[in-house]
1. How many residues are in a loop (DSSP other than H, G, I, E, B) and more than 10 Å from the ligand (Cβ to nearest atom) when one looks only at region 180-208?
2. Given 352, 342, which one is of a type in the set (D, E, K, R), at pLDDT 95 or above and surrounded by fewer than 17 Cβ atoms within 10 Å (Cβ to Cβ)?
3. Which condition number in (1) surrounded by fewer than 22 Cβ atoms within 10 Å (Cβ to Cβ); (2) under 26 Å from residue 113 (Cβ atoms) is the one that residue 223 fails?
4. Mind listing whichever residues of region 142-173 are of a type in the set (A, V, I, L, M, F, W, C), open to solvent by less than 10 Å² (accessible area, probe 1.4 Å) and within 19 Å of the chain's Cα centre (by Cα)?
5. Considering region 221-240 alone, what residues qualify as being in a loop (DSSP other than H, G, I, E, B) and farther than 18 Å from residue 268 by Cβ?
6. Tally the residues that are open to solvent by 70 Å² or more (accessible area, probe 1.4 Å) and either in a helix (DSSP H, G or I) or within 26 Å of residue 42 (Cα to Cα) (or both), restricting the search to region 241-267.
7. Determine, yes or no, whether residue 245 is in contact with a strand residue (DSSP E or B) (Cβ under 7 Å, 6 or more places away or on another chain) and free of Cβ contacts under 8 Å to residues at least 40 places away in the same chain.
Amino acid sequence: MTGSDRRPVVDLTDEEARLRLPLKWGVPDDVIPAWVAEMDYAVDPVVLEAVQRMLADGITGYPLFGWDPELAQSYAAWSARHFGWAPDPEAVHPVVDVTAGVRLAIDVFSGPGGVVFPTPGYNAQFGLATITGREEVRLDVPVSADRAEVDLDRLDRLFADGAQTLILTQPHNPWGRVFTRAELEGIRDVVVRHGARVVSDEIHAPLVLPGAEHVSYLSIDGTHDHAVAVVAASKAFNTAGLRCAQVVVPSTADRRLLADQPMSRNDSHSPIGAVAARAAYDLGDPWLASLVERLDQQRALLGELLAAHLPEVRMRPLEATYLAWLDASAYGHDDAAGVALERGRVKVSPGESYAPGTTGQVRLNIATSSDRLVEIVERLAKAWT
Ligand SMILES: Cc1ncc(COP(=O)(O)O)c(C=O)c1O
């Protein structure tokens, strides 16, 4: 896509961000928020207009039950354009959000055995296995490893010991990794050997940065009878509050099982979120291209800033997402996030919330203006050194 075909990414002022992103910016005035995964950028006007039009037309009724053909078609076409692979539209079903979709998939499709959750893991998904009545089985990846990978031998042993499901986060938050086809095939082989299931959380797929390529777990041969993917436009298009994600269920037997569930198991998605998702999938490419370019620039800027101000911080290569995992343990603060807030007035996410029991790590959200990123790293340097 050439520059002239693009729609630009527009930075929010502090005042706009405080109004539009009440969770992220619900901090004292002297604190810069760089924690929860929301971006300090204005929503793509095309997406906003679709929602505004819907409400101007007074469309406030229930969304369709179950399958929404237009949303399903939009996702399938988008996936084909971006990833060279598309599910059958009949596989794509709305859910309220990705976390609910992961839970729904485990509730409906998984056996009663434990759920393997690689850690560091997305913090809001700790405890998710437990509320489905299953044991949460951690597969720890050393936080300081230069390249985070799923250890296939350990995965094999966890399944041999009775676990029956893997939550795969692809691309991974907070590892920043995009799994390669070969890695995914390795995971598939272990899963198939044990007759286990995979729930692949692919919310960050649109946010793969130059140098990496998203491969959906469902595009790997031999995965359709044991896996679903949970996808959404909401993370890439900054519309998390509008409440619609999609679960992609490629197996017709699984789809029958889903259709037979009591309605109350999955009746919460918002038609506003569905309209936003369709607009993003159908019309959002010119904005998304600008976003990915901007995030690539922020990634490069972060590398330069760390080299200049915090040379002892180790950062894993960021292949996707705008969430950088920083190992600041060389500076000797166990509670690096607490020190950043107290002394630097920057709110970052404590590594411990993704990797319980660890110290000295933080997750830094770089989806902000370049000026703010400069200020953030300067403040972190002041706080930690
Ligand atoms: C890997 C991952 N899954 C799910 C979510 C949350 O998605 P949702 O708000 O749709 O539940 C996030 C949010 O950052 C995430 O990083």
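The values are calculated or read from the model by the stated rules, or taken from the named source; none is laboratory data. Quick caveat, the model's predicted, so the values are computed rather than measured. Glycine also receives a Cβ, built like all others from the backbone with ideal geometry; neighbour counts cover every protein chain displayed. Side chains are part of the model used for accessible areas, which takes the heavy atoms of the whole protein and leaves out ligands, DNA and RNA. Shrake-Rupley method; radii C 1.70, N 1.55, O 1.52, S 1.80 Å.
1. 3
2. Within the list 352, 342, the selection yields 342.
3. (1)
4. 148, 166, 167, 168
5. If the condition is that a residue be in a loop (DSSP other than H, G, I, E, B) and farther than 18 Å from residue 268 by Cβ, then 221, 222, 223, 224, 225, 226, 235, 236, 237, 238 are the ones that fit.
6. Final tally of qualifying residues: 8.
7. No: the conditions fail for residue 245.
Yes/no matrix, rows are residues, columns are (1) out of contact with any His (no Cβ under 8 Å at 6 or more places or on another chain); (2) basic (Lys, Arg); (3) in the same structural domain as residue 104 (by TED's automatic domain parsing):
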site	(1), (2), (3)
198	no, no, yes
207	yes, no, yes
227	yes, no, yes
244	no, no, yes
265	yes, yes, yes
